[in-house]
Amino acid sequence: MTGPTAAPARPRRLSMASPRRAVAALASNVVLLVIAACFLVPLAWLFLASVDTAPSQQTRVPTDFTLEHYAAVLTPERTLLPLWNSTVLSAGSAIVTVIVAVLAAYPISRYNSRFNTPYLSAILFGTCLPITAIMVPVYSLFVRLGMLDNLAAVTFFLAATSLPMAIWMTKNFMDSVPVSLEEAAWVDGASAMRALRLIVLPLMRPGLAVVFIFVFIQAWGNFFVPFILLLSPSKQPASVSVFSFFGQYGTVAYGELAAYSLIYSLPVVVLYVIVSKGIGGSFAMQGAIKG
């Protein structure tokens, strides 16, 4: 007896979707390349113009290289003091915002109340207000209180403007921390603030780092608020001092502007690298209640 014969292999049908997928993939790659060029070309101009002996608006490889533009801007009056003012404003506002956001987000995240939703809605409305709409009354308030041209007052105001979004972000990060860990600490006699400090905050280090960087970058690049509230050139941050490279009648010192812009962006990049390495092991405790 012979065994059953195998069924003949059916010819594979050519998929009509494969050419469409190839075209869609090609189109998406082209769009991504265009978007990448929109970011890379300005960065290339900054680097090339900062070392060009005759910089202009064109992005080109310089024929002669020089470091005179960096030497011209690396002075205490033009760069070092404004960078220090920017660091004070940005770091101070970020620290104040993170502390207040943690204290404000903790009861919203851990306790159920009928006021949670209206409170969060009011916070969300606060993020919709443009800073230009409140600067006139804020300026009048600063004048009446004698806080005009005061770095500390501007620091707290910058912290207040970033607080609504910081509370939203902190609450979402705090919701991911299991309440069971706090309950275990409460059983051992820890208070709510002690459990927050020793249990919740260590597990929230990646989230707090995100909030800190978010607020820091917002304050670092803020031009309008320091320009209005800080009058003395010795107290103005680097975001305002960049105006000194724009002269009258449309003249621009392109080489010094490019060198200053690169130096101005370095602290933010360094902060991001330091924070990203520092929070690398923060996820090790996330499995504390599993098992």
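The values are calculated or read from the model by the stated rules, or taken from the named source; none is laboratory data. Note that the structure is predicted; figures quoted are calculated from it, not measured. Here the Cβ is made from the backbone with ideal geometry for all residues, glycine too, and neighbour counts use every protein chain on show. Just the protein is used for accessible areas: all its heavy atoms, side chains included, with ligands, DNA and RNA removed. Shrake-Rupley method; radii C 1.70, N 1.55, O 1.52, S 1.80 Å.
Here are a few things to note about the model shown:
- Residues in the stretch 225-236 that are part of a helix (DSSP H, G or I) and open to solvent by 50 Å² or more (accessible area, probe 1.4 Å): Phe227, Pro233, Ser234, Lys235.
- Evaluating Ala71 against the criteria (1) open to solvent by 30 Å² or more (accessible area, probe 1.4 Å); (2) within 18 Å of the chain's Cα centre (by Cα); (3) not charged (D, E, K, R) leaves one unmet condition, (2).
- Considering the stretch 226-268, and only residues there that are at pLDDT 90 or above and among the aromatic types (Phe, Trp, Tyr), the residue that is farthest from Val154 (Cα to Cα) turns out to be Tyr260.
- Residue within the stretch 151-172 that is farther than 24 Å from Lys235 by Cα, open to solvent by 60 Å² or more (accessible area, probe 1.4 Å) and free of Cβ contacts under 8 Å to residues at least 40 places away in the same chain present: yes
- Verdict on Asn222 being touching a helix residue (DSSP H, G or I) at 6+ places or on another chain (Cβ under 9 Å), assigned by the TED database to the domain that holds Leu80 and not in a helix (DSSP H, G or I): yes
- Close pairs from the stretch 103-123: first over 15 Å from Arg197 (Cβ atoms), partner of a type in the set (Ser, Thr, Tyr) and surrounded by 14 or more Cβ atoms within 10 Å (Cβ to Cβ), Cβ under 8 Å, at least 6 apart: Ala104/Thr170; Ile108/Tyr119
- Restricting the stretch 175-202 to residues that are open to solvent by 20 Å² or more (accessible area, probe 1.4 Å) and touching a helix residue (DSSP H, G or I) at 6+ places or on another chain (Cβ under 6 Å), the residue that is farthest from Ile274 (Cα to Cα): Leu181
- Listing of helices (runs of 4 or more DSSP H) fully contained in the stretch 80-146 that carry 3 or more residues being open to solvent by less than 90 Å² (accessible area, probe 1.4 Å) and closer than 22 Å to Arg205 by Cα: 81-110
- Qualifying residue in the stretch 38-55 (condition: touching a Pro at 6+ places or on another chain (Cβ under 8 Å) and either open to solvent by 70 Å² or more (accessible area, probe 1.4 Å) or free of Cβ contacts under 8 Å to residues at least 12 places away in the same chain (or both)): yes
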